[in-house]
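To start, the structure under review is shown below, and the notes come after it.
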Amino acid sequence: MKRAVFLDRDGVINRGVMKAGKPFAPFTLGEFTILPGVPEALARLRAAGFLLIVTTNQPDVARGYASRAAVEVIHAHMRAEMAVDDILVCYHDDADRCACRKPAPGMIYAAAFQHEIQPSRSFMVGDRWRDIEAGRNAGCTTILVNAFPEPKRVEPDIELADLLAASGWILSRA
């Protein structure tokens, strides 16, 4: 079984777009900005043999603020520019009560099945409690980075500054 680093997208890989003082996911490729240190972190993790799987909630599609096509353009860009092995997306909103929307672990389980990943040997890196709870529910070691200013409903295994710091911590334990 393989090991992986599961990565949230917005706030971990890319900068949120500020609108009325709140961070939102980018709705277009022009709004998509990769955070400093991300390419280096991904390259280091890939070189160490980790699969890199993005698991992202994109409820703004269900809410009618963004189009699925625009999200897929961003993901095509990510695949072309970054060392990621797969990108799994939940387009649902909370009211849909799906198995894929974090904090449910459905995207992690789907990737684990598809790529023969052992979650207990893997890591989940996110910026919100939903990411951490999804990782915990799947049996991953959890890392909170670039923490979103909200109450923590579940504690991560560790909190670090950003993905580059997280990659160093993961590699020190691999």
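List of remarks:
- A count restricted to segment 91-109 and to residues that are among the basic types (Lys, Arg) and buried (at least 18 other Cβ atoms within 10 Å of the Cβ) stands at 2.
- Residue check, GLU40 modelled with pLDDT of 95 or more and either touching a helix residue (DSSP H, G or I) at 6+ places or on another chain (Cβ under 7 Å) or in a loop (DSSP other than H, G, I, E, B) (or both): yes
- Filter result for VAL84 (under 23 Å from ALA147 (Cβ atoms), among the β-branched types (Val, Ile, Thr) and in a loop (DSSP other than H, G, I, E, B)): yes
- Exactly one residue among MET18, MET78 is on the phi < 0 side of the Ramachandran plot and not in a helix (DSSP H, G or I), and that residue is MET18.
- Where ASN57 falls short, out of the listed (1) over 24 Å from ARG136 (Cβ atoms); (2) modelled with pLDDT of 95 or more; (3) crowded, with 18+ Cβ neighbours inside 10 Å: (1)
- Qualifying residue in segment 99-106 (condition: more than 23 Å from ILE34 (Cβ to Cβ), touching a residue at least 12 places away in the same chain (Cβ under 8 Å) and not in a loop (DSSP other than H, G, I, E, B)): yes
- Some residue of segment 128-135 being more than 16 Å from PRO26 (Cα to Cα) and β-branched (Val, Ile, Thr): yes
- Segment 43-69 - residue that is in contact (Cβ under 8 Å) with a residue 24 or more places away in the chain, assigned to a helix (DSSP H, G or I) and not acidic (Asp, Glu) and, of those, nearest to ASP131 (Cα to Cα): PRO59
Here is a yes/no grid of residues against (1) crowded, with 22+ Cβ neighbours inside 10 Å; (2) more than 24 Å from ILE34 (Cβ to Cβ); (3) under 16 Å from the mean Cα position of the chain (by Cα):
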position	(1), (2), (3)
GLN114	no, yes, no
CYS140	yes, no, yes
PHE148	no, no, yes
LEU163	yes, no, yes
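The values are calculated or read from the model by the stated rules, or taken from the named source; none is laboratory data. Remember, predicted model here, so these are calculated numbers, not experimental data. Here Cβ is always computed from backbone atoms with ideal geometry, including for glycine, and neighbour counts include all displayed protein chains.
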